[in-house]
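Enquirer: Take this structure first; my questions come after.
The values are calculated or read from the model by the stated rules, or taken from the named source; none is laboratory data. Owing to the predicted nature of the structure, the values given are computational and were not obtained by experimental measurement. Cβ placement follows ideal geometry from the backbone for every residue including glycine, while neighbour counts extend to all protein chains displayed. When the accessible area is computed, the model is the full protein with side chains, heavy atoms only, and any ligands, DNA or RNA have been set aside. Shrake-Rupley method; radii C 1.70, N 1.55, O 1.52, S 1.80 Å.
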Amino acid sequence: MDNFDLQNPLTSLEEQQSDTVSALFSSESDHMPSDNYSQCLKTSDFHVSFRQEAISLIFQAQYSCNLDPYTQYLAINYMDRFISWQEIPQGNPWVVRLLVIACISLAAKMKEIHFSFSDFQREEGFIFDPPAIQRMELLVLDALNWRMRSITPFSFTTFFVSLFELKDPPLTQALKYRAAKLIFQARIEINLLEFKPSMIAASALLLACHELFPLQFPSFETSILSCEYVNKEMVMKCFNAMQEMVNKEFMVSSSSTRTPISVLDCHCNKSESESTNSTMAATLTPENREIKRRKLNGFCSQSNQMKIFS
């Protein structure tokens, strides 16, 4: 497990036929947010707003610091796992910024790329000294039990594609490329947070196949659903949720302007009946609204209260 490539841990067919595949599927739950995280985001104004701002800042880092998409994906993974296990203090708007810079820094270290604290902070208009950032990094590491070599949907794409037995390399590349785009879209969709990385990967490949090779879709679907590691009902539930995500994305793309915030507004709705006329800036300012703090078992317990500067 220590030698996994973050984007493609199964680098050869021999590895796919070994115990590595079983170990990958059995360990994926250790790299996910807590079980009730998705439900908490659907019911808690504070937590969904905190997550929206965090993702928006991570998106901005991709543009201002030329952050590659995989590093960005890891940072969001760390952030989601952290806030699902750790109580976030309210009324401190700087907490989200410090958490974001710590998650990006840790992701950059895992990917062995350069990330400049000063450049990002200067661009975003906030400054934290190195000791504060290091302390936040340690808090993240502790909350995640130092599991930073995350198992993500990208960890399963090579395995699932091998089940399709495609003979044409360009077609295989097209399938992987479209599936990767769907996986990147899914990282901000609250309704997809409950699904395991393997389910996200399988659903993304199935949806990509449905779009690109509709005549071969029944055969591909059979290959995926007959896999011994796959829960058929959960994969189809995930597949349907991903289709809804694509439909919403199409609606957003039909508008004249697209910004990170506009995309988040589309994907991060807590429920279909929720009012969408409030702006992101308003939801992120505690003084502008009364925030109801909801505590769910295992998510916001007092024993996990975060103390950044104790």
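Enquirer: Please determine, by comparing only the residues of region 213-238 that are over 22 Å from the mean Cα position of the chain (by Cα) and of a type in the set (Val, Ile, Thr), which one is surrounded by the most Cβ atoms within 10 Å (Cβ to Cβ).
Expert: So the residue we want is Ile224.
Enquirer: So Met136 ticks every box in (1) more than 20 Å from His31 (Cα to Cα); (2) in a helix (DSSP H, G or I) but one. Which box is left unticked?
Expert: Among (1) more than 20 Å from His31 (Cα to Cα); (2) in a helix (DSSP H, G or I), Met136 violates only (1).
Enquirer: Checking Phe120 against (1) of a type in the set (Phe, Trp, Tyr); (2) within 23 Å of Ala186 (Cα to Cα); (3) open to solvent by less than 20 Å² (accessible area, probe 1.4 Å), only one condition comes out false. Which one?
Expert: Answer for Phe120: the failing condition is (2).
Enquirer: For the structure I just gave you, tell me whether Glu123 is on the phi > 0 side of the Ramachandran plot and either among the acidic types (Asp, Glu) or modelled with pLDDT of 85 or more (or both). Full working, then the answer.
Expert: On the way: on the phi > 0 side of the Ramachandran plot: no; either among the acidic types (Asp, Glu) or modelled with pLDDT of 85 or more (or both): yes.
Taking the combined requirement at face value, the residue does not satisfy it.
Enquirer: Let me ask something else. Confirm whether Glu244 is open to solvent by 50 Å² or more (accessible area, probe 1.4 Å) and touching a residue at least 40 places away in the same chain (Cβ under 8 Å). Quick ask: steps written out before the conclusion?
Expert: Working: open to solvent by 50 Å² or more (accessible area, probe 1.4 Å): yes; touching a residue at least 40 places away in the same chain (Cβ under 8 Å): yes.
Yes, satisfied.
Enquirer: Would you mind stating whether Leu171 is touching a Lys or Arg at 6+ places or on another chain (Cβ under 7 Å), in contact (Cβ under 8 Å) with a residue 24 or more places away in the chain and either more than 17 Å from Ala107 (Cβ to Cβ) or not charged (D, E, K, R) (or both)? Explain how you work it out, then say what you get.
Expert: Details: touching a Lys or Arg at 6+ places or on another chain (Cβ under 7 Å): no; in contact (Cβ under 8 Å) with a residue 24 or more places away in the chain: yes; either more than 17 Å from Ala107 (Cβ to Cβ) or not charged (D, E, K, R) (or both): yes.
Considered against the rule, which asks whether it is touching a Lys or Arg at 6+ places or on another chain (Cβ under 7 Å), in contact (Cβ under 8 Å) with a residue 24 or more places away in the chain and either more than 17 Å from Ala107 (Cβ to Cβ) or not charged (D, E, K, R) (or both), Leu171 comes out as no.
Yes or no, residue by residue, for (1) open to solvent by less than 20 Å² (accessible area, probe 1.4 Å); (2) over 18 Å from Thr152 (Cα atoms):
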{"position": "His47", "(1), (2)": "yes, yes"}
{"position": "Ile55", "(1), (2)": "yes, no"}
{"position": "Tyr78", "(1), (2)": "yes, no"}
{"position": "Phe82", "(1), (2)": "yes, no"}
{"position": "Ile88", "(1), (2)": "yes, yes"}
{"position": "Gly91", "(1), (2)": "no, yes"}
{"position": "Ser116", "(1), (2)": "no, yes"}
{"position": "Asp129", "(1), (2)": "no, yes"}
{"position": "Leu139", "(1), (2)": "no, yes"}
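Enquirer: So which residues in region 144-171 are polar (S, T, N, Q), over 22 Å from Cys40 (Cα atoms) and in contact with a Phe, Trp or Tyr (Cβ under 8 Å, 6 or more places away or on another chain)? Reasoning before the result, please.
Expert: First pass over region 144-171, keeping only residues polar (S, T, N, Q): 145, 150, 152, 155, 157-158, 162.
Now drop any that are not over 22 Å from Cys40 (Cα atoms), which leaves 150, 155, 157-158, 162.
If the condition is that a residue be polar (S, T, N, Q), over 22 Å from Cys40 (Cα atoms) and in contact with a Phe, Trp or Tyr (Cβ under 8 Å, 6 or more places away or on another chain), then Ser150, Ser155 are the ones that fit.
Enquirer: Pick out the one residue from Ile76, Ile113 that is closer than 30 Å to Tyr177 by Cα, of a type in the set (Val, Ile, Thr) and not in a helix (DSSP H, G or I).
Expert: Ile113
Enquirer: Take the residues of region 50-92 that are of a type in the set (D, E, K, R) and out of contact with any strand residue (DSSP E or B) (no Cβ under 7 Å at 6 or more places or on another chain): which is farthest from Glu137 (Cα to Cα)? Spell out the reasoning first.
Expert: First, pick out the residues of region 50-92 that are of a type in the set (D, E, K, R): 51, 53, 68, 80-81, 87.
Going one step further and asking which of them are out of contact with any strand residue (DSSP E or B) (no Cβ under 7 Å at 6 or more places or on another chain), we end up with 51, 53, 68, 80-81.
Numbers: Arg51: 18, Glu53: 19, Asp68: 20, Asp80: 14, Arg81: 13 Å.
Among those that are of a type in the set (D, E, K, R) and out of contact with any strand residue (DSSP E or B) (no Cβ under 7 Å at 6 or more places or on another chain), it is Asp68.
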